[in-house]
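Scroll down for the structure; my scribbles are underneath it.
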Amino acid sequence: MRALHADLHIHSCLSPCADREMSPSTIVRWARRKGLELIALCDHNSAENVGAASRAGGPVGLAVIGGMEITSREEVHVLGLFEEDRPLQAVQGVVYDHLPGENDPDAFGEQLVMDEWDNVIARNRRLLIGATDLTLAEIVRTVHAFGGIAIASHVDRPSFSVLSQLGFIPRDLELDGVEVVATRPPEVPQDLPVISSSDAHRPEEIGARQTCFLVEEATAKEIGMALKRIGGRRILAEQ
Amino acid sequence: MNLRDLARNLELEVKVGGKSLANEVRGGYAGDLLSDVIANARAADLWVTLQTHQNIVAVACMKELAGVVLVNGRQPEKDTLEKAAEENVPLLVSELSAFELIGRLHGLGLSGIRK
């Protein structure tokens with residue numbers, strides 16, 4: 001078992017609101033420079049840059065978990081993190097089926113899909129900044145149905161968080177944890193694990209907040225076990 | 001003014017009502033961020049929102065609101081309906097937008113400012 005520094009919420013240039021510089025190789029370079037061994041790439045409602053980031057990270061010893069930051073109909077952001085690519089693709093399919101609208105790059109920004117050498121290979125035309133018509137509970141259920149981890153994003157923010165949109169965390173919502181980006185708000189129930197991450201939209205923000213986990217290896221499966229405190233795995237510190 | 005009169009005047013569809021339709025409405029508050037409604041709504045306000053999540057019932061209870069009106073013809077989720085019936089929280093639906101509905105509520109003498 002070892003201590004592992006992770007930043008589980010990073011956007012790439014696929015998110016319209018992220019810096020164009022957030023290419024797979026730039027993200028990987030900055031993550032290594034900040035001493036991270038594990039990141040999760042979580043673009044808004046899409047996972048199309050996960051493969052490239054993962055391939056860019058491998059050779060330099062950075063593990064990349066595939067994820068998405070999914071927007072519910074209540075406009076709550078939820079991170080879904082997956083061990084394998086196939087369930088991630090399946091959940092992306094569900095999200096796409098429930099995400100109306102087309103992006104206007106002039107209004108919201110470009111949505112670039114890249115390869116691991118930072119070549120633009122496609123532009124995603126969906127309205128990724130928009131909300132799905134799935135309820136928060138449906139999203140958590142869908143993530144779990146495909147074996148993923150569901151974490152409520154930035155619950156200490158005044159917008160797009162479960163606390164800002166819904167006032168408090170519904171008791172029957174089966175979250176695996178909540179994420180803070182600054183300070184832990186008092187409304188988080190004691191029994192929910194709390195992680196810190198950067199929600200980086202620019203290179204220099206990567207690793208600004210991170211979580212140190214005690215795990216066997218740098219995988220989503222291990223992170224899931226640490227959140228549930230299985231076999232001695234746990235969160236060591238939010239920083 | 002009570003909820004029953006308002007519902008009749010503004011053609012609101014009553015999803016959950018019962019005895020609580022006699023609730024007196026003393027003012028109004030509009031908002032879709034429940035954290036904001038918790039902070040700013042006052043007891044006996046009519047709450048105008050497009051959120052349909054079941055947490056709206058808990059907030060209405062906690063703040064002792066007169067009732068909740070969903071706008072744009074939005075239908076409450078199943079959990080929300082059940083919870084509202086359980087807690088006796090009046091739940092109504094308007095086909096109008098929030099802007100139009102609130103304008104008409106003002107016209108009937110309701111205000112967001114309490115004297």
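No value in this document is a laboratory result; all are computed from the given coordinates. Just so it is clear, the model here is predicted, and its values are computed rather than measured. Here the Cβ positions follow ideal geometry from the backbone for every residue, glycine too, while neighbour counts run over all protein chains shown.
Once you charge only the Cβ atoms, +1 for Lys and Arg and -1 for Asp and Glu, what is the size of the charge dipole of the stretch B:3-107 about its Cα centre, to the nearest 20 debye?
200 debye
Positive end of the charge dipole of the stretch A:2-238 (Lys, Arg +1 and Asp, Glu -1 on Cβ, about the Cα centre): tell me which of A:Pro87, A:Gly177, A:Asn119 has its Cα farthest that way.
The residue sitting farthest along the positive end of the dipole is A:Gly177.
So if R0 is 51 Å, what FRET efficiency would B:Met62 and A:Lys228 give, r being the distance between their Cβ atoms, rounded to the nearest 0.05?
0.95
In peptide B:72-82, what is the residue-averaged number of other protein chain Cβ atoms found within 10 Å of each Cβ?
Partner-chain Cβ atoms within 10 Å, mean over residues of B:72-82: 1.
Partner chain Cβ atoms within 10 Å, averaged over the residues of A:159-171 - can you pull that number for me?
For this peptide, the per-residue mean of nearby foreign Cβ atoms is 5.
Given R₀ = 45 Å, what would the calculated FRET efficiency be for A:Arg2 paired with A:Arg141, taking r from the Cβ atoms and rounding to 0.05?
After rounding to 0.05, the efficiency reads 0.85.
Given the C-alpha centroids of the stretch B:4-70 and the stretch A:132-167, what is the distance between them in whole angstrom?
A separation of 25 Å, based on Cα centres.
Mind checking which of A:Val188, A:His154, A:Val60 is farthest towards the positive end of the stretch A:2-238's charge dipole, using Cβ charges of +1 (Lys, Arg) and -1 (Asp, Glu) about the Cα centre?
A:Val60
Quick one: net charge around A:Arg171, please, counting Lys, Arg +1 and Asp, Glu -1 for every other residue with C-beta under 13 Å from its C-beta.
-4
Determine the sum of side-chain charges near A:Leu127: Lys and Arg each +1, Asp and Glu each -1, restricted to other residues whose C-beta is under 9 angstrom from that of A:Leu127.
Result for the local shell: 0.
Given charges of +1 on the Cβ of Lys and Arg and -1 on the Cβ of Asp and Glu, with all other atoms neutral, how large is the dipole of the stretch A:2-238 about its Cα centre, in debye to the nearest 20?
640 debye
Rounded to whole Å, give me the distance from the Cα center of the stretch B:80-109 to that of the stretch A:190-231.
That distance is 42 Å.
Mind scanning B:Lys19/B:Lys83; A:Lys34/A:Lys221; B:Lys15/B:Lys83; B:Lys15/B:Lys63 and naming the pairs with a C-alpha gap bigger than 18 Å?
A:Lys34/A:Lys221; B:Lys15/B:Lys63
Taking the Cβ of B:Ala58 as the center, what net charge do the other residues with Cβ under 9 Å away carry, scoring Lys and Arg +1 and Asp and Glu -1?
0
Name the residues whose placed amide hydrogens come within less than 5 Å of the amide hydrogen of A:Met22, ignoring near sequence neighbours (fewer than 5 apart) on the same chain.
Those qualifying (amide H under 5 Å, at least 5 residues apart or on another chain) are A:Cys13.
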